[in-house]
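K.L.:
Would you mind keeping the following structure in view while I ask a few things?
The values are calculated or read from the model by the stated rules, or taken from the named source; none is laboratory data. Nothing here was measured: the structure is a model prediction, and the numbers come from that model. Please note: Cβ atoms are built from the backbone with ideal geometry, for glycine as well, and neighbour counts cover all protein chains shown.
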2 protein chains.
Amino acid sequence: MKIHNFGAGPCILPQEVFKQAADGVLDLNGIGMSILEISHRSQDFDIIIKRAQSLVKELLGVPEGYSVLFLQGGASLQFSMIPMNFLPENGKAAYLDTGVWSYKAMKEAKLFGNPFAVASSKDKNYNYIPQNFEVPEDVAYFHITTNNTIYGTEIFEDYDVNVPLIADMSSDIFSRKIDVSKYDLIFAGAQKNMGPAGATLVIIKDEFLEKRARVIPTMLDYKTHVDKDSLFNTPPVFSIYVSMLNLEWLKAQGGVEAIEKKNIEKANLLYKTIEEHPLFTPNVAEDSHSRMNVTFTAINEDVEQRFLKACQENGIVAIKGHRDAGGFRASLYNALPLSSVKVLVEVMKGIQ
Amino acid sequence: MKIHNFGAGPCILPQEVFKQAADGVLDLNGIGMSILEISHRSQDFDIIIKRAQSLVKELLGVPEGYSVLFLQGGASLQFSMIPMNFLPENGKAAYLDTGVWSYKAMKEAKLFGNPFAVASSKDKNYNYIPQNFEVPEDVAYFHITTNNTIYGTEIFEDYDVNVPLIADMSSDIFSRKIDVSKYDLIFAGAQKNMGPAGATLVIIKDEFLEKRARVIPTMLDYKTHVDKDSLFNTPPVFSIYVSMLNLEWLKAQGGVEAIEKKNIEKANLLYKTIEEHPLFTPNVAEDSHSRMNVTFTAINEDVEQRFLKACQENGIVAIKGHRDAGGFRASLYNALPLSSVKVLVEVMKGIQ
């Protein structure tokens with residue numbers, strides 16, 4: 001049975017990428033060695049990491065004056081590295097509280113200075129993106145989480161603020177056009193639209209580096225990794241390799257603009273089905289709908305059970321909602337084909 | 001042409017493991033999904049990480065009261081995490097200075113307290129392991145690097161000291177029997193004898209955790225990862241999967257004791273060849289010989305060039321020494337077969 005993987009992450013990647021990755025594990029480009037056994041200082045890997053960097057720059061339109069890094073530790077380590085690097089003792093940092101991930105990021109900043117929320121949607125279990133907030137000009141930075149996987153909300157605006165803007169784009173990077181020039185630092189765990197778990201993408205404005213606020217352990221200092229071009233120590237070789245393959249796939253699809261159109265089509269189809277269905281309701285207000293994670297609820301336990309059973313029978317996996325939100329969550333990342341969404345929609349329509 | 005990979009790391013792993021890893025990238029155990037697209041919270045991955053932990057415990061004879069963790073960031077991040085967790089401000093920490101890696105570890109500790117070297121082999125470019133040093137009893141811990149890849153030295157003794165013993169075993173873990181009970185913390189980048197780059201093994205005594213010396217960012221606090229069993233955030237799924245496959249392979253070989261015998265045989269053959277050869281000299285005194293990295297030098301430039309050419313013609317790769325040591329380095333990790341060492345020995349004998 002064909003599997004339709006609606007998982008929230010690590011998540012589906014293109015089948016072609018799995019095929020190429022498996023080939024590289026057996027024999028990388030015919031060199032007689034596996035991608036898993038080559039040195040990170042070898043020419044073979046140098047080509048891979050440079051190509052991955054260059055694809056990130058090309059696909060996102062990264063302007064001059066930014067560095068592209070592949071680190072480890074996930075977004076969770078970035079939550080600490082950001083204030084460690086950029087929040088001076090007694091300094092202030094603004095956060096937009098749109099859920100667990102921004103809350104966790106703010107919590108780490110408390111060890112280094114004074115973070116605070118400019119706005120929060122906690123009052124409605126984070127089911128909307130706050131509007132009409134103000135970011136004071138005396139903060140070290142303003143931190144946002146552009147897509148909130150658990151609740152299914154997304155920020156599509158590149159905010160105009162007069163302070164350094166930092167964005168956790170773990171779950172929507174490469175899914176839509178962004179204006180990188182508005183940001184001083186963008187970070188993302190690889191394991192949604194970039195590649196497999198184990199690598200963390202950081203795009204940092206070189207000027208911003210000058211604002212480092214204290215003496216920092218070597219591995220946690222962004223400057224270490226900028227100076228050594230992500231090769232200060234052994235990087236996550238395989239995750240970077242598969243990220244490169246996946247970004248090549250994205251480029252071949254027509255890049256971010258083309259995939260954004262497909263992502264809009266997939267999300268619209270599913271949201272429309274939920275809206276029109278008498279037995280399901282969307283969790284999130286329309287103006288905050290995430291295209292990556294569509295969250296919805298069945299009107300009662302009986303519908304829930306019948307729907308889950310039908311999903312199982314049709315190869316639909318990882319559709320249950322996060323424990324903090326309940327209900328269902330269909331993640332529609334770049335690699336999920338429209339045909340999988342159509343299968344889901346038909347299954348939903350069959351529940352009456 | 002068959003390749004003989006003598007690289008220092010990331011390095012050779014068994015061919016069977018490459019085959020199994022490639023299969024898992026295409027379809028993990030017939031579930032219809034790739035290892036690269038399953039959730040780290042799925043039952044499929046739960047089985048993998050628990051099996052990897054249990055193999056580490058079994059193969060190394062880890063006693064009760066220790067936790068086995070799979071982290072990210074490599075040994076280099078451990079250099080900072082260790083003093084951040086265990087060296088109080090104004091506290092002292094003892095280091096055995098056996099090369100660049102122990103020196104780098106000591107450097108990071110300076111940000112948190114007062115590290116010092118109990119002994120150093122820097123006077124002879126680290127080509128021996130210091131003997132007859134004393135470790136004062138008022139230090140927070142004593143830190144050693146058991147195998148020094150760059151120079152080719154190795155510590156085979158599990159030191160008896162009256163302070164917590166911490167060991168960086170990145171390049172010799174799983175290559176020989178050790179007495180884990182002598183250590184409070186053992187750490188190792190995966191990319192030699194455990195698996196591919198991207199995972200870091202930590203074996204930590206639970207009692208030692210109580211000695212944490214300050215408030216620590218969540219991701220850098222060992223207790224976070226012990227409490228969440230390495231699943232606080234998304235772990236490096238694929239690196240852990242391949243580590244599990246590789247440790248299964250090691251178990252099937254007869255475990256650490258059996259591989260140690262093979263490693264001794266490989267190292268002895270190569271050291272003997274170097275000793276007896278009129279045109280090559282070993283870099284390291286016999287009592288400090290590493291079994292993992294055999295370093296040697298040609299007596300002149302002409303011999304060096306002829307040897308390199310012969311290596312190339314025979315599929316021998318990654319044999320050049322590290323830039324800090326010069327000459328040659330043959331790394332003989334677990335997965336390197338005796339037959340590859342025999343090819344190297346024959347090539348050396350052919351240089352006259």
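K.L.:
Quickly run through the stretch B:37-47 and pick out the residues that are more than 9 Å from chain A (Cβ to nearest Cβ) and in a loop (DSSP other than H, G, I, E, B).
P.N.:
If the condition is that a residue be more than 9 Å from chain A (Cβ to nearest Cβ) and in a loop (DSSP other than H, G, I, E, B), then B:41 is the only one that fits.
K.L.:
Does residue B:50 satisfy the condition of being more than 10 Å from every other protein chain (Cβ to nearest Cβ), assigned to a helix (DSSP H, G or I) and without any contact (Cβ under 8 Å) to a residue 12 or more places away in the chain?
P.N.:
So residue B:50 passes the test.
K.L.:
Another question, if that's okay. With respect to the numbered conditions (1) surrounded by 17 or more Cβ atoms within 10 Å (Cβ to Cβ); (2) in contact (Cβ under 8 Å) with a residue 60 or more places away in the chain; (3) under 26 Å from residue A:77 (Cβ atoms), which one is the sole condition not fulfilled by residue B:214?
P.N.:
Unmet condition: (1).
K.L.:
Is there a residue being closer than 30 Å to residue B:150 by Cβ and either buried (at least 17 other Cβ atoms within 10 Å of the Cβ) or at pLDDT 95 or above (or both) anywhere in the stretch B:39-47?
P.N.:
Among the residues of the stretch B:39-47, not one is closer than 30 Å to residue B:150 by Cβ and either buried (at least 17 other Cβ atoms within 10 Å of the Cβ) or at pLDDT 95 or above (or both), which makes the answer no.
Here's the yes/no breakdown for (1) basic (Lys, Arg); (2) at pLDDT below 95; (3) surrounded by fewer than 16 Cβ atoms within 10 Å (Cβ to Cβ):
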| position | (1), (2), (3) |
| --- | --- |
| A:315 | no, no, yes |
| A:319 | no, no, no |
| A:322 | no, yes, no |
| A:327 | no, no, no |
| A:338 | no, no, yes |
| A:341 | no, no, no |
| A:351 | no, no, no |
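K.L.:
Can you name the number of the only condition in (1) over 18 Å from the mean Cα position of the chain (by Cα); (2) more than 8 Å from every other protein chain (Cβ to nearest Cβ); (3) crowded, with 21+ Cβ neighbours inside 10 Å; (4) under 30 Å from residue A:16 (Cβ atoms) that residue B:34 fails?
P.N.:
(2)
K.L.:
Within the stretch B:1-29, restricting attention to residues that are more than 8 Å from every other protein chain (Cβ to nearest Cβ) and not in a helix (DSSP H, G or I), which residue is nearest to residue B:172 (Cα to Cα)?
P.N.:
Here the residue is B:6.
Results for (1) over 30 Å from residue B:344 (Cα atoms); (2) touching a helix residue (DSSP H, G or I) at 6+ places or on another chain (Cβ under 8 Å), shown as yes or no for each residue.
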position	(1), (2)
B:13	no, yes
B:19	no, yes
B:22	no, yes
B:45	yes, yes
B:70	yes, yes
B:73	yes, yes
B:79	yes, yes
B:85	yes, yes
B:100	no, no
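K.L.:
Give me a count of the residues in the stretch B:93-113 that are within 14 Å of chain A (Cβ to nearest Cβ) and either more than 20 Å from residue B:322 (Cβ to Cβ) or assigned to a strand (DSSP E or B) (or both).
P.N.:
Of the residues in the stretch B:93-113, 6 are within 14 Å of chain A (Cβ to nearest Cβ) and either more than 20 Å from residue B:322 (Cβ to Cβ) or assigned to a strand (DSSP E or B) (or both).
K.L.:
Go through the stretch A:180-211 and report how many residues are touching a residue at least 60 places away in the same chain (Cβ under 8 Å), charged (D, E, K, R) and out of contact with any strand residue (DSSP E or B) (no Cβ under 9 Å at 6 or more places or on another chain).
P.N.:
Matching residues across the stretch A:180-211 total 2.
K.L.:
Restricting attention to the stretch A:169-200, report how many residues are under 15 Å from the mean Cα position of the chain (by Cα) and among the charged types (D, E, K, R).
P.N.:
Residues that pass the stated criteria total 4.
K.L.:
Of (1) at positive phi; (2) within 13 Å of chain A (Cβ to nearest Cβ), residue B:90 satisfies all except one. Which?
P.N.:
Evaluating residue B:90 over (1) at positive phi; (2) within 13 Å of chain A (Cβ to nearest Cβ) leaves (2) as the failure.
K.L.:
Continuing with this model, one more query. Here is a check on your reading of the model: is residue B:281 of a type in the set (Ser, Thr, Tyr), surrounded by fewer than 15 Cβ atoms within 10 Å (Cβ to Cβ) and in a strand (DSSP E or B)?
P.N.:
yes
For every residue, the table says whether it meets (1) touching a helix residue (DSSP H, G or I) at 6+ places or on another chain (Cβ under 6 Å); (2) among the charged types (D, E, K, R); (3) more than 30 Å from residue A:33 (Cβ to Cβ); (4) not assigned by TED's automatic domain parsing to the domain that holds residue B:94.
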| residue | (1), (2), (3), (4) |
| --- | --- |
| B:129 | yes, no, yes, no |
| B:137 | no, yes, yes, no |
| B:147 | no, no, no, no |
| B:151 | no, no, no, no |
| B:169 | no, no, no, no |
| B:205 | no, yes, yes, no |
| B:214 | no, yes, yes, no |
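K.L.:
Hey, another quick one. Being within 14 Å of chain B (Cβ to nearest Cβ) and within 22 Å of the chain's Cα centre (by Cα) narrows it down to one of A:240, A:259, A:203, so name that one.
P.N.:
Only one candidate passes the filter, namely A:240.
K.L.:
Please go through the stretch A:179-203 and pick out each residue that is among the aliphatic types (A, V, I, L, M), crowded, with 21+ Cβ neighbours inside 10 Å and closer than 25 Å to residue A:133 by Cα.
P.N.:
Once the filter is applied, which keeps residues that are among the aliphatic types (A, V, I, L, M), crowded, with 21+ Cβ neighbours inside 10 Å and closer than 25 Å to residue A:133 by Cα, the stretch A:179-203 yields A:185, A:186, A:188.
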